[in-house]
Amino acid sequence: MKISGTLFFLKILLITTIFSCQTNKADKVMNESNITSYNPVVYFEIPVNDIDRAIDFYTAVFDFHFEKQVIDHNEMALFPFTDGQTGVSGSLAKGEIYKPTKGGVVIYFKTLDIDSTLQRVVENGGQLLYPKTPIGNLGLVAEFEDCEGNRIALHQSAE
């Protein structure tokens with residue numbers, strides 16, 4: 001139980017840090033570099049073994065539409081992105097250097113309805129890893145394993 005409590009506390013601390021608007025050293029460095037964005041993350045890659053299976057999974061769960069490309073001999077399926085909008089984008093990535101894992105970085109996808117998203121995850125071969133959990137006035141979080149074996153998280157803002 002102590003480990004679960006510690007994990008819960010760490011998740012709340014992480015989410016609070018992510019969504020807070022406090023100025024920190026990274027903000028100062030970015031301001032000094034004349035970067036206008038306060039979000040230092042610009043791109044992510046989710047490792048996959050089967051790009052088509054992963055595209056089908058993420059399309060069924062989130063209704064995303066992907067653009068397939070080959071970049072430096074790696075198969076990529078690019079997530080939707082619109083220039084001038086907030087947020088980051090990334091890709092599903094298949095190649096020799098890409099190994100799906102539950103032990104690496106966790107990407108949080110925004111959802112308007114965490115319950116229906118989790119239902120679609122399970123219906124499409126994913127597994128629930130961390131159940132829907134309230135994080136105070138910041139909303140709800142949950143984690144799942146995708147069809148490729150990656151740990152992926154969800155965040156639903158508080159109403």
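Worth pointing out:
- Here is the figure for region 52-66: residues that are within 20 Å of Ala153 (Cβ to Cβ) and among the charged types (D, E, K, R) total 1.
Rundown of residues vs (1) of a type in the set (S, T, N, Q); (2) in contact with a helix residue (DSSP H, G or I) (Cβ under 9 Å, 6 or more places away or on another chain); (3) surrounded by 15 or more Cβ atoms within 10 Å (Cβ to Cβ); (4) closer than 24 Å to Tyr43 by Cα, yes/no style:
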{"residue": "Met76", "(1), (2), (3), (4)": "no, yes, yes, yes"}
{"residue": "Ser89", "(1), (2), (3), (4)": "yes, no, no, yes"}
{"residue": "Leu92", "(1), (2), (3), (4)": "no, yes, yes, yes"}
{"residue": "Val105", "(1), (2), (3), (4)": "no, no, no, yes"}
{"residue": "Asp115", "(1), (2), (3), (4)": "no, no, no, no"}
{"residue": "Asn124", "(1), (2), (3), (4)": "yes, yes, yes, no"}
{"residue": "Ile135", "(1), (2), (3), (4)": "no, yes, yes, no"}
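- Qualifying residue in region 32-44 (condition: at pLDDT 95 or above and either touching a Phe, Trp or Tyr at 6+ places or on another chain (Cβ under 6 Å) or surrounded by 11 or more Cβ atoms within 10 Å (Cβ to Cβ) (or both)): yes
- Here His65 passes the criteria (1) within 23 Å of Tyr43 (Cα to Cα); (2) surrounded by 15 or more Cβ atoms within 10 Å (Cβ to Cβ) except the one numbered (2).
- Top-ranked residue in region 64-105 [being under 16 Å from the mean Cα position of the chain (by Cα) and among the polar types (S, T, N, Q); ranked as farthest from Cys147 (Cα to Cα)]: Thr86
The values are calculated or read from the model by the stated rules, or taken from the named source; none is laboratory data. Note that the structure is a prediction, hence the values are computed from the model and not measured. Backbone-built Cβ (ideal geometry, glycine too); neighbour counts: all protein chains shown.
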